[in-house]
Amino acid sequence: MAVANPAREIPGNRAFRFGAVIREMARRPSGLVGLAIVGGHVLLAVISPWIVPYDFTTQNSHLVLAGPSPEHWLGGDHLGRDVLTRTMLGGRQALVISSLGTLIAVLWGGSLGLVLGLIGGKADDVVMRVVDAFMAIPWILFLLLIIAVLGTADVVLIPTLAFFYGISVIRISRAATHDVTARDFITAARARGERMWTIVWREILPNVRDVLLVDGAMRWSWMILAFSSLSFLGFGITPPTADWGLMIANGRGYMAVAPWAVLAPIIALSSMIIGVNLSADALAKTLGIDRAQKAPV
Amino acid sequence: MFKLILRRLALGVLTLVMVTIIVFVGVEALPGDACTAYLGRDTALETRLAKCREDLGLNQPAHERFFIWAGGALQGDFGISSRRHKPISDLVQIRLRNTLLLGAAASAVGIPIAILLGVIAALTRDRAADLWISTSAIFAMTLPEFISATLLILFFSVWLGWLPGIVITRPDAPVFEFLQDIILPIIALAFVMTAHILRMVRTCVIDVLASDYVQMAILKGVPYWQVVFRHVLPNALLPTINLVALTLAWLLGGTVVIEIVFNYPGLGRLMLDSVSDRDLALVQAIALILAVLYVGLNLVADLLSLVANPRLRTMKV
């Protein structure tokens, strides 16, 4: 085995590579912590409906703003609902919506960026001007603008988030494509007389894919953040569904008497975002992609 | 060089024109209009809808309305708010002042601290001080603004009782009346801002420290502090001016959230209220104003980097 760079192994052997990347990430302490947190949250999101101690909508008058007790470990909220139950369930919406949103964003932004990077010319110029203009709108404004007109159902939120965050993916993917097409191994492939399609599929895509994976991981954490912020502002999830952003917003008014009702979802949401960030960082280091040179958004 | 500046200006204006079109078309392309939003889609009677559209001038074709809207916006006239029955420019003006006040105060606090901490982190790279600063910065950057702001309120106003947790001053009160209420919002905004900027400062300083001329100065035996102040800082901090302007622009979104958490009467809260009321004309106007701020800051960043880095001036355009 004389493979100099493990990140450039035989393309096509994806299942093996995925496991290898995860193992490599877990070798870093921060990566291990990040993966463990993300894994824990995903697991909790899947099994929580079966393991929660109480019903998440049941209001118990004895539990209104009650402190932690042996029966209710995290006390009750302002409507007398069990905080532990709601915290365990509160990440499911954020997780599903942000994962779907990220997947769609990376797919559409990534492929458009790839195509633009390859063809260049007038089309590239025009689209990049539009991209610049979109990036001049702060994210929250854009989301609120859409929500003002269309409302906040899941069918609106997912495409809106995916559309907006996909626009910045175009830039990343286009830059990565430009980066790769200037490399020697592309010139070599051209000189060998490979067909255009083969070059794109075998040489360019695997390299751009790594950049997009890292970018997708970062974008996932931004999307969780964006969704929770919307939810906090009252534009995400319809009550009484449990959601961390909404729980923090509702609990805020009773912080003086029942801080646990705010602290529990804060800790849950923060740990999820930090876990995703640590994992994204480890992924970037594992794939050998320098995240520092990338601009915010 | 003047050609370069002109080109940047032209690009900025072009971006703004595009934003204007996006904001307008965005609202236009989506189902419903200001009248269905105002009256409610199901309950609105046809006659009332027709009258409302007549009043707001929605009967004209879209491109004509666009030019009327954009032309008015250019003169600072954004039309009339359908909910509040007031000229939008009057509503927006005082809120814009408040948002700028918050942003300016947070920058005045945050930027010097960020530069100081960033330089300290870079000089003590990978040692205790750097690890503490860098790790806290990552936490401050990753936490959503509404969480850090809520925690600040919990600690400083609920538990310690030092500072008011929400702003209750009238929106149009004179600036000095805000000063006490505004401390926590400033800290919340400066917190995120500091984290972003200090990381950039740290990277820049580390890059310069590794450069040949700094190594040369150290080898020649120039005293450490002289190397830091004469050789490293001037070269490291100039490029960060550009980054600072970009970061400020990027943080506009966070300002909106912080205004809401603290009940601060700025543009962001007005925007949120107008979204809740489905007051589309007002939403459009605020989106455009914030985009102008963003593009303006980007332009300033570009021009500052031209001033700071003479090499860019002779770049081929």
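Annotations
- Checking residue B:278 against (1) open to solvent by 50 Å² or more (accessible area, probe 1.4 Å); (2) within 11 Å of chain A (Cβ to nearest Cβ); (3) touching a His at 6+ places or on another chain (Cβ under 9 Å), the condition it does not meet: (3)
- As a summary of the residue check, residue B:253 satisfies the conditions (1) within 14 Å of chain A (Cβ to nearest Cβ); (2) over 12 Å from the mean Cα position of the chain (by Cα) except for the one numbered (2).
- Subset of segment A:213-245 [more than 9 Å from chain B (Cβ to nearest Cβ), of a type outside the set (Gly, Ala, Ser) and either open to solvent by 20 Å² or more (accessible area, probe 1.4 Å) or not in a helix (DSSP H, G or I) (or both)]: A:213, A:220, A:222, A:237, A:238, A:239, A:240, A:241, A:243
- Failed item, numbered, when residue B:104 is tested on (1) within 14 Å of chain A (Cβ to nearest Cβ); (2) on the phi < 0 side of the Ramachandran plot: (1)
- Which numbered condition residue A:194 misses (of (1) farther than 30 Å from residue B:278 by Cβ; (2) of a type outside the set (Ser, Thr, Tyr); (3) in a helix (DSSP H, G or I)): (3)
- Residue check, residue B:143 open to solvent by less than 10 Å² (accessible area, probe 1.4 Å) and closer than 27 Å to residue B:249 by Cα: no
- All positions within segment B:54-87 that are hydroxyl-bearing (Ser, Thr, Tyr) and modelled with pLDDT of 75 or more: none
- Meets criteria (open to solvent by 40 Å² or more (accessible area, probe 1.4 Å) and of a type in the set (Ser, Thr, Tyr)) for residue B:264: no
- Failed criterion for residue B:212 (all others in (1) over 17 Å from residue B:110 (Cβ atoms); (2) of a type outside the set (A, V, I, L, M, F, W, C); (3) crowded, with 22+ Cβ neighbours inside 10 Å hold): (3)
- The lone criterion from (1) more than 9 Å from chain A (Cβ to nearest Cβ); (2) within 23 Å of residue B:110 (Cβ to Cβ); (3) open to solvent by less than 50 Å² (accessible area, probe 1.4 Å); (4) of a type in the set (Val, Ile, Thr) left unmet by residue B:227 is number (2).
- The C-beta contact set for segment B:86-113 (first residue within 16 Å of residue B:241 (Cα to Cα), second residue open to solvent by 30 Å² or more (accessible area, probe 1.4 Å) and assigned to a helix (DSSP H, G or I), distance under 7 angstrom, 6+ apart or interchain) comprises B:107/B:248.
- Qualifying position, being within 29 Å of residue B:158 (Cβ to Cβ) and under 13 Å from the mean Cα position of the chain (by Cα), among A:248, A:274: A:274
- Looking across segment A:250-260 at every residue that is open to solvent by 10 Å² or more (accessible area, probe 1.4 Å) and more than 9 Å from every other protein chain (Cβ to nearest Cβ), the one that is farthest from residue B:144 (Cα to Cα) is identified as A:257.
- Top-ranked residue in segment B:284-306 [being under 25 Å from residue B:182 (Cα atoms) and facing another protein chain (nearest Cβ under 8 Å); ranked as most open to solvent (accessible area, probe 1.4 Å)]: B:294
- Any hit, segment A:72-85, residues being polar (S, T, N, Q) and open to solvent by 30 Å² or more (accessible area, probe 1.4 Å): no
- Filter result for residue A:18 (at pLDDT below 85, closer than 28 Å to residue A:152 by Cα and open to solvent by 40 Å² or more (accessible area, probe 1.4 Å)): no
One line per residue, one yes/no per condition, for (1) without any contact (Cβ under 8 Å) to a residue 60 or more places away in the chain; (2) under 26 Å from residue B:203 (Cα atoms); (3) among the aliphatic types (A, V, I, L, M):
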| position | (1), (2), (3) |
| --- | --- |
| A:201 | yes, no, no |
| A:225 | yes, yes, yes |
| A:234 | yes, no, no |
| A:248 | yes, no, yes |
| A:266 | yes, no, yes |
| A:282 | no, yes, yes |
| A:287 | no, yes, yes |
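- Here residue B:167 fulfils each of the conditions (1) surrounded by 21 or more Cβ atoms within 10 Å (Cβ to Cβ); (2) part of a helix (DSSP H, G or I) apart from (2).
- Residues that are away from chain A (no Cβ under 11 Å) and among the small types (Gly, Ala, Ser) within segment B:141-185 comprise just one, B:173.
- Some residue of segment A:140-157 being under 30 Å from residue B:297 (Cα atoms), in a loop (DSSP other than H, G, I, E, B) and either among the acidic types (Asp, Glu) or out of contact with any strand residue (DSSP E or B) (no Cβ under 7 Å at 6 or more places or on another chain) (or both): no
- Test: residue in segment A:129-144 that is of a type in the set (A, V, I, L, M), surrounded by fewer than 23 Cβ atoms within 10 Å (Cβ to Cβ) and in contact with an Asp or Glu (Cβ under 7 Å, 6 or more places away or on another chain): no
- The set of residues in segment B:103-130 being among the acidic types (Asp, Glu) and not in a helix (DSSP H, G or I) consists of B:126 alone.
- Counted residues, segment A:27-47 - those being surrounded by fewer than 17 Cβ atoms within 10 Å (Cβ to Cβ) and among the hydrophobic types (A, V, I, L, M, F, W, C): 7
- The one condition in (1) assigned to a helix (DSSP H, G or I); (2) in contact (Cβ under 8 Å) with a residue 40 or more places away in the chain that residue A:258 fails to fulfil: (1)
The values are calculated or read from the model by the stated rules, or taken from the named source; none is laboratory data. Worth saying up front: this structure is predicted, and the values here are computed from it rather than measured. We place every Cβ from the backbone using ideal geometry, glycine too, and count neighbours over all the protein chains shown. We work out accessible area using only protein heavy atoms, side chains counted, and drop any ligands, DNA or RNA first. Shrake-Rupley method; radii C 1.70, N 1.55, O 1.52, S 1.80 Å.
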